[in-house]
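Read through the structure below, which is laid out as structure tokens, and then see the notes.
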Amino acid sequence: MIYVDNKDFVIPGEVLADDDFYSDRGTFKESGKICSSLIGLISIRNKKIRVIPLKSKYIPKKGEVVIGKIEDVKFSMWDVNINSPYSAFLPAFEVFKREKRELSKVYDVGDVLFLKVLDVDEVKKVKLGLKGRGMGKFKEGIIVNITPTKVPRLIGKKGSMINMIKDKTNCNIIVGQNGLVWVKGEKEMEQLTKNIIELIEAEAHTSGLTDRIKNKLNSILGVDDEDEFAFFDDETDELEKPRLQNFKDELKIEEEDDFSE
Amino acid sequence: MKIIPEITKESIKDLIGNNQREDGRTIDQYRDISIETDIISKAEGSAKVKIGGTKVIAGIKLQVGAPYPDNPNLGVLMTNCEMVPIADPTFEVGPPNEESIELARVVDRGIRESKMVDLEKLCVEEGNHVWMIFIDLHVLDNCGNLFDACELAVTAALNSTKLPTASIGDDGLVIDKENTFDLPLNEKVVMSTFVKIGSEMVIDPSLMEEDVSDGRLNIGVTEKGLVCSMQKGGMGPLNKKEILDCVNIAISKSSELLNLIK
């Protein structure tokens, strides 16, 4: 017996289903009943019930790419804020190998870097690295902050949303899994892109978003295109899970490397 | 201290240099302001003010008590401000910190120095009984510019305050809570806050603008267009021209703000 539908809004403690269903992330089981443990939206798939939180902090996972701010320079590492409850560090070894150089001359407090999570240990200490395409310090551009659960929505199916925004605004956009987004382009376009990203965050739970964002961008920019893009039906399953696979594809498309060290 | 990314600082400064801001305003434009009064039934006066995302609530409680010995015929005015962690991740629980004391004192100075509340009329019996006004400010959400929001909330709350009738009877003090009248006010005060970013003075700063700013200037202006209070904050210096320009803008903005208080 199930009491909720897909995409229903639930609050902590709400009973979602009786037996025959499985408890997934964001839910717990008590005396045979599945209850929500978060404020968020329901997602049901193969009898698994999950609650996708409306807002969240970033929980780091090995292999993900993130955008981090340097918060402190230590003797042999940098402390990095990755918008997460767990602290992250970038060891000097990952940058210089065996060479000895002064750390603060390379990256200083206040710099923003594009990084990869190399390892998360048992106490959730996050080790970061710079190996990968386009990794390194950002010069110029703006940083937009969204909640990490909305990142898959910003990217869209196989990067449909993000590529559409890039094409329309001619901005370079890099999305970190931790909800920080870097945008660089013409000054006005940067602001426009920022507004659009914030709009996507606010309306991430609605369907048909890619088309609406496209129309909005067209009307703002005064462009009228017909078949430039195929229509993507972004239905329910886009909210399912941060799609790392798509995200990596999207990074390959990224042709920007003027910020790499 | 909060660490702001260098590229964010640069982009904000760039925008302000072109008379633009992150949220699409010009540098001398306020965010949308809304005021609600009489929202706390247990308080004699109350108001909730929103400036953009910033939300503050002010409550006025009245009590008869002993006056200060040096001013036996004047009522007592006290301002207190709470900055609770729900309003901003940097706010901590515990005794008031520097920030919240400064906020309460700057707001208090605006009200006190403008002689907004007619304290002489709050005297019930000289030397023994005067009305004491307790102003409690509560920050609900901090999105920058708490000063203006707080001053506006206090002015609106005082403006809606109902004072019970107090008199001296045969067996001491009698308070009649049925018969109330408006708190005697001489003036109304509003405040305009500016921050210096690059070489520009920006009115009504957002949280991000506050974080990247060099200096801050609060200017309290009365209904008559007189400057009644000022406070300089932050590390950066301000020159004479910047201060005078800000005073002129603050005076011209004051009527706009006062119109919001009914």
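No value in this document is a laboratory result; all are computed from the given coordinates. Only a predicted model underlies this, so the values are computations on that prediction, with no experimental measurement involved. Note that each Cβ is placed from the backbone with ideal geometry, even for glycine, and that neighbours are counted across all protein chains shown.
Couple of notes before you dig in:
- Largest mean-square fluctuation among A:Arg98, A:Arg212, A:Arg25, in a Gaussian network model of chain A whose springs join Cα atoms under 10 Å apart, belongs to A:Arg98.
- Amide H contacts under 5 Å for B:Val117, placed H, 5+ residues apart: B:Asn186
- Database remark: amide H of A:Val66 closer than 5 angstrom to the amide H of A:Leu115, A:Lys116, A:Val117, A:Gln177 (H placed geometrically; neighbours at sequence offset of 5 or more, or on other chains; Pro and chain starts carry no H).
- Relative compactness, the range B:6-258, computed as alpha-carbon Rg over 2.2 N^0.38 Å: 1.09
- Taking every Cα-Cα distance in the protein assembly as shown and sorting them into 20 Å bins starting at zero, the pair-distance distribution P(r) comes out as 19, 43, 30, 8, 0 percent.
- Three-way shape label, the range B:194-236, alpha-carbon gyration tensor, a/c 1.5: prolate
- Panel order for A:Glu14, A:Glu198, by other beta carbons found within 10 Å of each beta carbon, from fewest to most: A:Glu198, A:Glu14.
- Dimensionless Rg over Rh [the range A:65-137; C-alpha; Kirkwood]: 0.93
- Residues B:Val189, A:Val73, B:Val195 arranged by fewest to most Cβ contacts within 10 Å: A:Val73, B:Val195, B:Val189
- Cα shape, the range A:9-53, gyration tensor, a/c 1.5 rule: oblate
- Alpha-carbon centroids, the range A:1-35 and the range A:90-160: separation in whole Å: 36
- Using alpha-carbon coordinates, inclination of helix B:6-17 to the longest axis of chain B, degrees: 80
- Sequentially through the range A:33-49, phi angles give Karplus couplings (6.51, -1.76, 1.60; θ = phi - 60°) of 10, 9, 10, 7, 10, 9, 8, x, 10, 7, 9, 10, 8, 6, 6, 9, 9 Hz, Gly and Pro residues having no value and appearing as x.
- Per-residue HN-Hα couplings for the range B:32-45 [Karplus 6.51, -1.76, 1.60; θ = phi - 60°; Hz; x = Gly/Pro]: 5, 10, 9, 10, 10, 10, 6, 9, 10, 6, 7, 9, 5, x
- Built amide H within the under 5 Å cut-off of A:Trp78, gap 5+: A:Leu90, A:Ala92
- Considering only the Cα atoms of the range A:74-186, their convex hull presents on average a projected area of 8.2 nm².
- DSSP bridge pairs, chain A: antiparallel proportion in percent, nearest 5: 90
- Of the residues A:Leu54, A:Leu192, A:Leu221, the one that moves most in a GNM of chain A with alpha-carbon contacts below 10 Å is A:Leu221.
- Among beta bridges that DSSP assigns inside chain B, antiparallel share in %, nearest 5: 85
- Peptide A:138-145 has a mean shielding of 4, counted as Cβ atoms of other protein chains within 10 Å of each residue's Cβ.
- Alpha-carbon centroids, the range B:63-113 and the range B:119-196: separation in whole Å: 12
- Proxy reagent accessibility, fewest Cβ within 10 Å first, across A:Cys35, B:Cys150: A:Cys35, B:Cys150
- Among A:Lys105, A:Lys127, A:Lys168, the residue with the largest mean-square fluctuation in a Gaussian network model of chain A, with springs joining Cα atoms closer than 10 Å, is A:Lys105.
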